[in-house]
1. Could you figure out which of (1) in contact (Cβ under 8 Å) with a residue 40 or more places away in the chain; (2) open to solvent by less than 40 Å² (accessible area, probe 1.4 Å); (3) touching a helix residue (DSSP H, G or I) at 6+ places or on another chain (Cβ under 6 Å) isn't true of VAL44?
2. Take the residues of the stretch 538-548 that are more than 21 Å from LEU473 (Cα to Cα) and not hydroxyl-bearing (Ser, Thr, Tyr): which is most open to solvent (accessible area, probe 1.4 Å)?
3. Consider the stretch 329-338. How many of its residues are open to solvent by 10 Å² or more (accessible area, probe 1.4 Å) and either in a helix (DSSP H, G or I) or touching a helix residue (DSSP H, G or I) at 6+ places or on another chain (Cβ under 7 Å) (or both)?
4. Picking from ARG590, ARG556, which residue would you name as being open to solvent by 10 Å² or more (accessible area, probe 1.4 Å) and closer than 25 Å to PHE475 by Cβ?
5. Within the stretch 579-617, which residues are more than 23 Å from VAL692 (Cα to Cα), in contact (Cβ under 8 Å) with a residue 60 or more places away in the chain and not in a helix (DSSP H, G or I)?
6. Just one of GLU432, GLU517, GLU480, GLU453 is over 26 Å from LEU654 (Cα atoms) and either open to solvent by 30 Å² or more (accessible area, probe 1.4 Å) or of a type outside the set (Asp, Glu) (or both); which is it?
7. Restricting the search to the stretch 490-513, which residues are outside any helix (DSSP H, G or I) and either modelled with pLDDT under 85 or in contact with a Phe, Trp or Tyr (Cβ under 7 Å, 6 or more places away or on another chain) (or both)?
8. What is the one condition in (1) under 38 Å from the mean Cα position of the chain (by Cα); (2) modelled with pLDDT of 80 or more; (3) farther than 26 Å from LEU427 by Cβ; (4) surrounded by fewer than 24 Cβ atoms within 10 Å (Cβ to Cβ) that PHE726 does not satisfy?
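The values are calculated or read from the model by the stated rules, or taken from the named source; none is laboratory data. Treat the numbers as computed from the prediction; the structure is a model and nothing was measured. Every residue, glycine as well, gets a Cβ built from its backbone with ideal geometry; the counts of neighbours run over all protein chains shown. Heavy atoms of the whole protein, side chains included, go into the accessibility calculation; ligands, DNA and RNA do not. Shrake-Rupley method; radii C 1.70, N 1.55, O 1.52, S 1.80 Å.
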Amino acid sequence: MNINAQIEAQTIRHPSGETLQELSVSGAGCASCVSKIETALKNVPGVTHAEMNFAARTVTVSGSAAQDVLVTAVEAAGYGAELLQHQDEAVTQDEKEKADQTYYRHLIRNTVIALSLGVPLMLFGMMGGDMSVSTGPRRIAWLAIGILTLGVMLFPGRHFFVGAWKSLLNHSANMDTLIALGTGTAWLYSMIVVLFPTLVPEMARHVYFEATAMIIGLISLGLALETRARGKTSEAIKRLIGLQPKTARVIRNQMEVDIPIAEVQVGDLVRARPGEKIPVDGNVVEGTSAVDESMLSGEPMPVEKAIGDELAAGTINKSGTVLFKATRVGKHTALAQIINMVKRAQNSKPPIGRLADVISAYFVPAIMIIAVLSALAWLNFGPAPALAFAMVSATTVLIIACPCALGLATPMSVMVGVGKAAESGVLIRNGEALQTASKITTMVLDKTGTITEGTPTVTDIVLTSDYSEAEVLQFAAALESGSEHPLALSILESARARDIRWQNVQNFQAIAGHGVEGQNQDGISLLFGNEKLMHERSVVIGNHLTKAELLASEARTPMFLAANGELIAIIAVADPIKEDSVQAITRLKRGGVRVVMLTGDNQATAAAVAMRAGVSEFFAEVLPEDKVKKITELQASGEIVGMTGDGINDAPALAMADVGFAIGTGTDVAIESADITLMRGSLHGLADAIAVSKATLRNIKQNLFGAFVYNTAGVPIAAGLLYPFFGILLSPVVAGAAMAFSSLTVVSNANRLRLFKPGEH
């Protein structure tokens, strides 16, 4: 696990060097609130970026602005805010759950109070009861009901009116504005009918107290159900947090003692017994075991661990007892970094989500204008009682158009999709990568460490001079001891296996894409690399090239070793193809993705590996800078390119690609350059990532389509478009129920993603 972001509390350091701070926001009612809060924060000096997750009611801010300034900016926009700053992620999650449960109970209480008044009134009207004001005693009864309805507005419905008032003070409008105007208009009209009936035509002396109470009750019920369903979207985070045990067994004063996980320090010796979870990251110093890393990497098979191997917090020690030295604790463990990366991705927006935010910013003011125009049309052209019809249509338009579902459509799906990917060992950095991955048409794969195991071994030593195998290996090991190339390790391991010792070389130089050179202690000039390097340095290969080509045709990489300008040996190294690479590549191709392999290896070796892996298109002897060029060429031809690699030399190509995939077992530089990290070495993670991406985007589109169609189709009907033809005029109560149902539908549809299994697609 090589994700080394440094995290302290909820204030963290972004890979770009900026400080990220996470705020919890209260009072945000709909999608239009999102743009207001983001705009307010972006206007703060020092803030470079602000992104709100409406579903989670959190906003992530990057920049150098002080915490109190950020909170003040949100409050000035008419909302509440506080910094999430707990050291312990589990504590933060627990407190969030408790707050959600408290809010849920509060909404249920509001629902019960409002519907206790609204339902009897609605049933009374449906059963033929007279909802009009005529006699004196009836006026007194309706006055009492009006006062009770006012109580519903002041208590269960209070937050709608407070939110509307704050928006008014900030010269804006949101969902609360629509609800407050709709219910307030219905109540005010009804009270005028009760108190001053002569001001209203006799046919229009109808009261709508049940509409006010029912709308507040139904919307509160919808918010309660949404809050409850919304909690399910963070299941992935909860499971990740639950991986870490509460205590750790450490050796203190030569005794083993159990201490709280928060007290473990770097350098502590920690004991893990069979069946126990690894509490912190560390390196094994004693014992062997098989460790289940499936919850972090998605890899089902336990991994054998021995002295010197790394252990990650949250993994399960399946067999033997091991003693390990803690290397990362608290917020610095791989598990904590994974949780942080998942949370950041869940809080980010794909481009399709920003479209909804832009539309919703203009949506509420537009609906208010439509409501006024609808009322004017009924007053001027409608049948008697025109005033009552005008009030009903305006109220219904305001209520049915609340863009709650629009605001939830994208973030709900992103939260579930990113969490689902994390369960498969795929860490998605941001929403843009999540969206773009679904459009990938070409996947470029590095060979070494991506298609192959990345741990090559020496298979052949072909002598071409009087030097012995031991001398050849000694020369090669001396040169490669200064190299970071994966093939260098195979040379060194082979020399160690034969107990060959070597001395450091002088004037060492790595020649990118070609090989290495240097001078040993005896003054012999050594050159070790590919055929190109030999030609450039005028080393004669002669008929030995045929042997090299034969080795290459068998997927072995031939490397030429020269001493004082003379070829002395060909050393062949083989890097076995990963067991599941062929199946994973087949999955990609079956999904319509063009697969291309890039490698710095020679043409013959590349061809052999490509044939065995099932890749029909490949480019060999590619230098690091040429990888970027190939990516650019593919993009210029109209391809949406994904690049997968694990080495430092892959970093530029990963950054250039539309979506960069880093193998999690690779280097930190590659991981930091990538958009998506595959925590296990399997290429099945690519197919899983694309499958999750497509499922998530499909889910978002379903949600957005439902929300847009609901609002655009509902508003004309609410305004009375069908009345002249069919005599249908939508009731404000039906509008309130439909609005609540639409939000619940979006949340439920997003939660369907939790059942998605990427391995089946």
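1. Going through the list (1) in contact (Cβ under 8 Å) with a residue 40 or more places away in the chain; (2) open to solvent by less than 40 Å² (accessible area, probe 1.4 Å); (3) touching a helix residue (DSSP H, G or I) at 6+ places or on another chain (Cβ under 6 Å), VAL44 breaks only (1).
2. ASN543
3. Qualifying residue count, the stretch 329-338: 4.
4. ARG556
5. Answer for the stretch 579-617, where residues must be more than 23 Å from VAL692 (Cα to Cα), in contact (Cβ under 8 Å) with a residue 60 or more places away in the chain and not in a helix (DSSP H, G or I): MET597, LEU598, THR599, GLY600, ASP601, ASN602, VAL615.
6. Checking each option against the conditions leaves just GLU517.
7. The answer is GLN503, ASN504, ALA510, ILE511, ALA512, GLY513.
8. For PHE726, the exception is condition (1).
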